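The values are calculated or read from the model by the stated rules, or taken from the named source; none is laboratory data. Bear in mind that the values here come from a model prediction, so they are computed numbers and not experimental data. Cβ placement follows ideal geometry from the backbone for every residue including glycine, while neighbour counts extend to all protein chains displayed. All accessible areas refer to the heavy atoms of the entire protein, side chains included, with ligands and DNA or RNA removed. Shrake-Rupley method; radii C 1.70, N 1.55, O 1.52, S 1.80 Å.
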Amino acid sequence: MSSAMLPAFSEPCNVERQQNLSEDGEENQKPGLSEKFQPISKRQMKKLMKQKQWEEQRELRKQKRKEKRKRKQLERQCQPESNSDGSDRKRIRRDVVHSPLRLIIDCSFDSLMVLKDIKKLHKQIQRCYAENRRALHPVQFYLTSHGGQLKKNMDENDKGWVNWKDIHIKPEHYSEFIQKEDLIYLTSDSPNVLKELDESKAYVIGGLVDHNHHKGLTYKQASDHGIDHAQLPLGNFVKMNSRKVLAVNHVFEIILEYLETRDWQEAFFTILPQRKGAVPTDQACESCSHDKKFASVEGGLNSDSSEEENRHELDSTHEEEKQDKENSTESTVNSVPH
């Protein structure tokens, strides 16, 4: 065989080798595809749905905040101007009526939080401070047990906090400078439901962002210190899909809104985020009664069908017993179904 014939045989071999390599590559890629399309767990799916709802309702929340600001601006404009020469800023601040109610954020849980949650708490405190400065009835704002990671994070990321006005920032625990009989700890685990706000009292909000890792901790602390405790009357006015645990700034803003409107339901629905799925309790009761009625009708239909099925089963059982009696000499006791 001449050397000129060798390329003709080598070409098919190369083609076969390339095909084998491509097949091996496809086989190696198959596990990757299966890994890529692994099924999502129910928890992950729920998380994705919540995130999607949150993003979809972003504009709605923005619009709601704008309407609230416009409403407050119109209320201020409708009030008679007491000065003819001053600026609007001075006139607005003069119309503010400070509430004697003391509102405390207890920051004594610093060691129980990781840095990510400390940063979230810092943002919530910033929101509380801003809302209290804008409120028509600002409260006496206290930040107690201030130190540790929270103070370090504020020093690094918000150095202007040292110039904050209308706020008392103290490293001491609130029990060191406020009488025990004046304190009421706000916790969702308390069996006591708050009906009215006593503006002579000091209400404590637990400065804890823990994603429910320390359930009942604020209630336990209030009980250990012998402090009165209560929960906001959320269940009397609102039905939610989630637990009644609210963020620090939400509790703070609800109280500010209540001091302005004196209406718990309006305060809740103005402040609560859409992701909580909050609906008025009367609407929730109507939907529950409708569901029960539908369930009873459906249950009646199912009971009718089940009666028919039971009747057929009894007939078939009697037939089987009759055949057993004729074809066997076994005891009739054994043939009766139990």
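Assorted remarks:
- F268 among the aromatic types (F, W, Y), at pLDDT 95 or above and either surrounded by 14 or more Cβ atoms within 10 Å (Cβ to Cβ) or more than 18 Å from the chain's Cα centre (by Cα) (or both): no
- Within region 183-203, the set of residues being open to solvent by 40 Å² or more (accessible area, probe 1.4 Å) and either within 24 Å of L136 (Cα to Cα) or assigned to a strand (DSSP E or B) (or both) comprises V193, K195, E196, D198, E199, S200, K201.
- Residues of region 92-123 satisfying the condition of being open to solvent by less than 30 Å² (accessible area, probe 1.4 Å) and under 25 Å from S200 (Cα atoms): V96, S99, L101, L103, I104, I105, D106, C107
- Residue match in region 239-250 (condition: touching a Lys or Arg at 6+ places or on another chain (Cβ under 6 Å), modelled with pLDDT of 85 or more and under 21 Å from L143 (Cα atoms)): yes
- The residues of region 137-163 that are part of a loop (DSSP other than H, G, I, E, B) and surrounded by fewer than 16 Cβ atoms within 10 Å (Cβ to Cβ), listed by number, are G147, D158.
- When C128 is tested against (1) free of Cβ contacts under 8 Å to residues at least 60 places away in the same chain; (2) open to solvent by less than 60 Å² (accessible area, probe 1.4 Å), only condition (1) is not met.
- A search for C-beta distances below 7 Å between a residue of region 46-57 that is open to solvent by less than 100 Å² (accessible area, probe 1.4 Å) and any residue that is assigned to a helix (DSSP H, G or I), counting only pairs 6+ apart in sequence or on different chains, returns Q53/R275; W54/R275; Q57/Q274.
- Among residues of region 204-250 being in a helix (DSSP H, G or I) and open to solvent by less than 20 Å² (accessible area, probe 1.4 Å), the one that is nearest to G148 (Cα to Cα) is V248.
- Exactly one residue out of L217, L183 is over 23 Å from L115 (Cα atoms) and aliphatic (A, V, I, L, M), and it is L183.
- Taking the criterion of being of a type in the set (D, E, K, R) and surrounded by 13 or more Cβ atoms within 10 Å (Cβ to Cβ), the only residue of region 171-182 that qualifies is D182.
- Looking only at residues of region 199-251 that are touching a residue at least 60 places away in the same chain (Cβ under 8 Å) and among the charged types (D, E, K, R), we find that the one that is nearest to W264 (Cα to Cα) is E199.
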